[in-house]
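Trainee: The structure is given below, and queries will be raised subsequently.
The values are calculated or read from the model by the stated rules, or taken from the named source; none is laboratory data. Not measured: the values here are computed from a predicted model. Reconstructed Cβ throughout: ideal geometry from the backbone, glycine too, with neighbour counts over all protein chains shown.
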Amino acid sequence: MTDIVAELREAIGAEKVLSSPVDLIAYSFDSTFEQHMPDAVVLPETNEDVVAVVRVASRLEVPIVPRGMSSGLAGGAIPLSGGVVVSLARMKRVLEIDEENMIVTVQAGMVTADLQAEVEKLGLFYPPDPSSNRQSTIGGDIACDAGGPRCLKYGVTGDYVMGLTVVLPDGRVLVTGGKTIKNVVGYDLTSLFVGSEGTLGIITQALLRLVAKPQSVRTALAEFPSLDDASRTVNAILSAGIVPATLELMDKTATACIEQAMHLGLPLDVEAMLIIETDGSDEERVVCEIEAAARICRENGAREVKVARDEAERITLWKARRSVSPSLARKAPNKLGEDITVPRSAIPEAIRRIKAISAKYGLPIVVFGHAGDGNLHPNILFDWRDPKQWEKVQQIVSEVFKVALDLGGTLSGEHGVGTFKLPYMEQALGPTSIDVQRRIKRALDPQNILNPGKVLPDI
Ligand SMILES: Cc1cc2nc3c(=O)[nH]c(=O)nc-3n(C[C@H](O)[C@H](O)[C@H](O)COP(=O)(O)OP(=O)(O)OC[C@H]3O[C@@H](n4cnc5c(N)ncnc54)[C@H](O)[C@@H]3O)c2cc1C
């Protein structure tokens with residue numbers, strides 16, 4: 001592959017091309033387990049650099065794998081068949097904050113939390129909040145249509161994307177959407193690229209909608225002896241017309257893991273805990289909403305509800321939820337986190353079935369997630385070095401996906417398909433949907449050079 005490295009250096013300059021074994025290893029994995037070596041890594045600084053790289057790769061028919069911060073949990077940024085990894089890490093500038101129209105234009109490699117901090121200085125707010133926001137980029141979030149705790153009230157990343165600049169697999173630059181709120185001219189190409197996981201084009205810039213920063217926020221934590229009661233409470237809160245910014249659930253196993261690691265004084269005899277947060281610009285209303293939500297919790301079986309009285313107490317209440325992932329790391333050498341979604345009413349049944357799967361295979365599965373939108377994160381704890389355990393994990397994943405589909409849900413609410421969910425795509429979407437998606441892929445990328453082996457089976 002010396003040719004590709006030489007051609008890339010020629011095209012964009014040697015200082016933007018990496019090819020030493022040490023560098024290549026650093027770009028061979030994402031936040032999952034698989035690893036494949038690329039042949040070269042490029043660090044473009046402009047749209048023109050990206051175009052030049054794509055033209056070289058297209059001419060030599062070499063795979064191209066777009067990459068943000070590699071926090072993906074589905075194998076999407078792994079260079080499965082080698083080729084060129086295109087890291088957007090150097091394209092991380094805010095290009096314009098249009099305060100009047102409340103729209104930001106940003107380069108795709110900007111870290112999500114950095115963008116949020118920038119706009120908040122002006123009293124503006126970019127709500128999509130993947131928990132990985134310090135390790136994920138705007139381009140990666142758009143490519144995966146990332147969500148997070150706040151999505152119940154504010155929606156997912158795709159709801160904020162008003163337009164994109166995308167380098168297509170043949171090197172042409174496509175600009176979609178614009179600053180107008182209404183725009184129904186032609187097919188909605190912006191949406192086509194949201195969630196496309198780097199298989200249709202390289203996103204280099206995005207126009208993102210902003211909202212006014214909420215001035216007030218209140219948080220409550222409720223302990224439920226019964227999982228069914230906790231789940232019923234979620235629906236009762238929403239039916240009462242309260243739309244919390246977040247409505248998070250942690251099951252008993254998650255609570256036990258956190259308590260063992262953090263010693264926060266969490267109760268070990270409750271089946272579920274809910275974390276509820278209300279926010280807005282009218283403080284009185286935000287307070288009324290959290291009090292009403294707390295009352296509904298008590299009426300539906302909560303044993304205790306704590307409402308934070310100040311910011312310090314609020315941080316303490318969130319500490320438990322934020323500690324889930326690090327706590328799991330202490331429990332087992334590896335974890336595989338899935339992110340199925342089910343209709344809200346099916347949450348207790350989904351958790352019961354997942355616990356039965358855990359008992360059947362003898363591996364712990366911790367469940368937490370965004371109860372308000374039915375997005376659950378079953379995390380399987382295991383030891384990757386033990387082949388028998390890895391075999392069991394694969395069987396567990398398949399059964400967990402079946403639970404989601406049987407209950408009217410789907411495979412992923414946030415993390416996307418990558419390579420991990422490929423075998424289940426046909427089952428989840430049916431042959432017609434897969435056929436239409438394959439035709440779109442072939443029309444845009446007839447050489448199949450853009451992130452091959454991801455999202456669509458057998459292409
Ligand atoms: C601890 C942890 C917590 C997480 N929490 C959440 C969560 O709450 N919600 C959630 O949704 N996800 C979560 N994730 C998953 C992950 O962070 C998101 O999927 C994130 O959006 C990926 O961004 P990235 O920049 O790291 O993308 P990468 O991992 O680098 O890439 C992900 C996919 O996007 C493609 N891609 C990246 N940049 C571009 C681009 N510019 N143009 C085209 N394609 C591109 C890649 O090819 C790949 O297919 C979490 C991950 C971790 C490790």
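Trainee: If you take just the helices (runs of 4 or more DSSP H) that sit entirely in region 256-372, which of them hold at least 2 residues that are in contact with a strand residue (DSSP E or B) (Cβ under 8 Å, 6 or more places away or on another chain), at pLDDT below 95 and on the phi < 0 side of the Ramachandran plot?
Mentor: 311-322, 324-331, 347-361
Trainee: Quick one: in region 405-458, of everything that is of a type in the set (Val, Ile, Thr) and away from the ligand (no atom under 12 Å from the Cβ), which residue is farthest from Ser345 (Cα to Cα)? Outline the logic, then answer.
Mentor: Of the residues in region 405-458, the ones of a type in the set (Val, Ile, Thr) are 410, 417, 419, 432, 434, 436, 440, 449, 455.
Those still in the list that are away from the ligand (no atom under 12 Å from the Cβ) too: 410, 432, 434, 436, 440, 449.
On the way: Thr410: 14, Thr432: 28, Ile434: 28, Val436: 31, Ile440: 35, Ile449: 42 Å.
Taking the candidates together, the pick is Ile449.
Trainee: Output the number of the condition that Val111 fails; it satisfies all remaining conditions of (1) more than 20 Å from Leu168 (Cβ to Cβ); (2) more than 9 Å from the ligand (Cβ to nearest atom).
Mentor: Condition not satisfied by Val111: (2).
Trainee: Counting only residues that are touching a helix residue (DSSP H, G or I) at 6+ places or on another chain (Cβ under 7 Å) and of a type in the set (Ser, Thr, Tyr), how many does region 375-430 have?
Mentor: Residues flagged as touching a helix residue (DSSP H, G or I) at 6+ places or on another chain (Cβ under 7 Å) and of a type in the set (Ser, Thr, Tyr) within region 375-430 amount to 2.
Trainee: Are there any strands (runs of 3 or more DSSP E) wholly within region 10-100 with 1 or more residues that are away from the ligand (no atom under 12 Å from the Cβ) and of a type in the set (Gly, Ala, Ser), and if so which?
Mentor: Working: elements: 40-42, 64-67, 84-87, 94-98.
Those strands (runs of 3 or more DSSP E) span 40-42.
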